[in-house]
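> The structure is given below, and queries will be raised subsequently.
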Amino acid sequence: MRVTILGGHYAPEPTGNAPYTAGLANGLVARGHDVRVITSHPHYPEWRVREGYGGWSVSGEVEGVRVQRLGHYVPARPSGGRRLLSELSLGIRFLTARWHRPDVVLLVSPNLITSALAALRARRSRGLATGIWIQDLYSLGITETGQGGRSAATALKALESRTLRSATGVVVIHDRFRSFVTETLGVPAGCVEVIRNWSHVDPPMEVDRAAVRNRRGWDPDVTVILHAGNMGAKQGLENVVEAARLADRQRAPVRFVLLGDGNQRARLQSLARDVTSIEFVAPLPDDEFRQTLGSADILLVNERAGMKEMSVPSKLTTYFSASLPVLAATDEASVTASEIDTSGGGTRVAAGDPQALLDAALSLRADPARARALGAAGRRFRDTALGQDAALDHFEKWLVDLAEDRQGGARGRRSKSMEVVAQ
């Protein structure tokens, strides 16, 4: 099977959907398929093209996968309008790029504008199966983050519905996403498949916690609460800064660590300039990242209040590998809260309540047996529900079925046309 994957993010980007897109491409190649990826130059979550990358069109191999990187507009400050232009510029590049005559093309959202333009081209290619992989629900994101206003949310919901309904099939990463896609966006239920994101980070190697903590300057008697990943609007990390400020005032023996990058990092650092119980760490190489993750005491998910349906934090699949308790500051009705409940791997507090966040961290510090039990439960969930091989097998079957169904349909239409001509 010839597969072309179109998406805005790919390895070596460490967060978001890039690790899953790369993992899928690698898995399909290992299973004998001909895979090409068309993507951008690495720029996320820092929103600048990384050193060593750039150019109008650059092709090469990444772990055996043929990857073509296209230059497009990358805004240093991705506000709503600039982000729209960024997606539009990449979508135009996708429209004009060579797709290499695939049997199936897979569009990776949440780049909705980019995917919509690519889907427009795909609809004009008879016999080409088109799959769309939904990592975040775009229109819900606009609504839940309060960006763009009601009219923008309505227009984007209509575009999202039209784009998804035009595809041969749609994959979503959670049952709650499936409900929204079918009930609100009008995609036929038979066209929607649920394939969970898998744990793409290996469990931490044997870690000398004392040595790692010493290198990082972490006091052995202080509880380290670590948040890894993107620092964007939907994470609402002002809540963590305020929890650290409260820890200073109350002389609580905790340290909040924000590991990663994102368009809100500079602002957060400015807010935290007089706070001693918080630390910012730049993205780390893979081995060092895993060692640092495994040397924390608590792993943190923090979401902006009102975030309920739009996304499943990709960091959870990583966190559950670390055998550490997860602390989630999120709305009770959120997808994240349901994942914490299903896994048994953590505890939840209300979003936007810094005192509750600090109190929960201190509660886990005071009860190490409970913390160990939560960490063990998360690891079991990772091993039983988030296996990579099973997810890739499921994905391969879905893509093969899409290609065969579309080709069969095309043959049927050609036969019918021939009968009409003969008559």
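The values are calculated or read from the model by the stated rules, or taken from the named source; none is laboratory data. Note that the structure is a prediction, hence the values are computed from the model and not measured. FYI the Cβ positions are ideal-geometry reconstructions off the backbone, even for glycines, and counts take in every protein chain you see. All accessible areas refer to the heavy atoms of the entire protein, side chains included, with ligands and DNA or RNA removed. Shrake-Rupley method; radii C 1.70, N 1.55, O 1.52, S 1.80 Å.
> Go over the candidates Leu106, Leu128, Leu120 one by one and state the one that is touching a helix residue (DSSP H, G or I) at 6+ places or on another chain (Cβ under 8 Å), among the aliphatic types (A, V, I, L, M), open to solvent by 40 Å² or more (accessible area, probe 1.4 Å) and touching a residue at least 24 places away in the same chain (Cβ under 8 Å).
None of the others qualify; the one that does is Leu120.
> Considering (1) part of a helix (DSSP H, G or I); (2) free of Cβ contacts under 8 Å to residues at least 40 places away in the same chain; (3) within 20 Å of Glu46 (Cβ to Cβ), say which one Leu258 fails and leave the rest.
Of (1) part of a helix (DSSP H, G or I); (2) free of Cβ contacts under 8 Å to residues at least 40 places away in the same chain; (3) within 20 Å of Glu46 (Cβ to Cβ), only one is false for Leu258: (1).
> How many residues, within the range 189-219, are part of a loop (DSSP other than H, G, I, E, B), modelled with pLDDT of 95 or more and open to solvent by 70 Å² or more (accessible area, probe 1.4 Å)?
1
> Exactly one of (1) under 22 Å from the mean Cα position of the chain (by Cα); (2) buried (at least 23 other Cβ atoms within 10 Å of the Cβ) is unmet by Ala233. Its number?
Result: Ala233 passes all but (2).
> Has the range 334-342 got any residue that is within 19 Å of the chain's Cα centre (by Cα), of a type in the set (Gly, Ala, Ser), surrounded by 19 or more Cβ atoms within 10 Å (Cβ to Cβ) and in a strand (DSSP E or B)?
For the range 334-342, residues within 19 Å of the chain's Cα centre (by Cα), of a type in the set (Gly, Ala, Ser), surrounded by 19 or more Cβ atoms within 10 Å (Cβ to Cβ) and in a strand (DSSP E or B): absent.
> Which of the residues belonging to the range 24-57 are among the charged types (D, E, K, R), at pLDDT below 95 and surrounded by 14 or more Cβ atoms within 10 Å (Cβ to Cβ)?
Within the range 24-57, Glu46 is the sole residue that qualifies.
> Moving to a separate point now. Looking at Gly345, Gly306 in this structure, which one is crowded, with 22+ Cβ neighbours inside 10 Å and over 18 Å from Gly229 (Cα atoms)?
Exactly one residue qualifies, and that residue is Gly345.
> Out of (1) open to solvent by less than 10 Å² (accessible area, probe 1.4 Å); (2) within 24 Å of Gly387 (Cβ to Cβ); (3) not in a helix (DSSP H, G or I), what's the single condition that is false for Leu327?
So the condition that Leu327 fails would be (2).
> Give the residue, chosen from Pro78, Pro14, that is touching a residue at least 12 places away in the same chain (Cβ under 8 Å), touching a Pro at 6+ places or on another chain (Cβ under 9 Å) and not aliphatic (A, V, I, L, M).
Sole residue among the options that is touching a residue at least 12 places away in the same chain (Cβ under 8 Å), touching a Pro at 6+ places or on another chain (Cβ under 9 Å) and not aliphatic (A, V, I, L, M): Pro14.
> Name every residue in the range 149-177 that is crowded, with 18+ Cβ neighbours inside 10 Å and either hydrophobic (A, V, I, L, M, F, W, C) or closer than 14 Å to Ala122 by Cα (or both), in order of residue number.
Ala153, Leu156, Thr163, Leu164, Ala167, Thr168, Gly169, Val170, Val171, Val172, Ile173, Phe177
> Only one of Asp389, Asp359, Asp367 is within 26 Å of the chain's Cα centre (by Cα), among the charged types (D, E, K, R) and either open to solvent by 40 Å² or more (accessible area, probe 1.4 Å) or farther than 23 Å from Glu332 by Cβ (or both). Can you tell me which?
Of the residues listed, the single one that is within 26 Å of the chain's Cα centre (by Cα), among the charged types (D, E, K, R) and either open to solvent by 40 Å² or more (accessible area, probe 1.4 Å) or farther than 23 Å from Glu332 by Cβ (or both) is Asp389.
> OK, next. Name the one entry in Gly146, Gly81 that is at positive phi, surrounded by fewer than 21 Cβ atoms within 10 Å (Cβ to Cβ) and either in contact with a Ser or Thr (Cβ under 7 Å, 6 or more places away or on another chain) or modelled with pLDDT under 95 (or both).
So the residue among Gly146, Gly81 that is at positive phi, surrounded by fewer than 21 Cβ atoms within 10 Å (Cβ to Cβ) and either in contact with a Ser or Thr (Cβ under 7 Å, 6 or more places away or on another chain) or modelled with pLDDT under 95 (or both) is Gly146.
> Kindly indicate whether any position in the range 253-266 is open to solvent by less than 40 Å² (accessible area, probe 1.4 Å), under 30 Å from Ile195 (Cβ atoms) and hydrophobic (A, V, I, L, M, F, W, C).
yes
> Looking only at the range 259-302, filter to residues that are among the charged types (D, E, K, R) and more than 24 Å from Pro75 (Cβ to Cβ); which one of those is farthest from the chain's Cα centre (by Cα)?
Asp274
> If you go through the range 178-187 one residue at a time, do you hit one that is open to solvent by 50 Å² or more (accessible area, probe 1.4 Å), outside any loop (DSSP other than H, G, I, E, B) and closer than 29 Å to Ser363 by Cβ?
no
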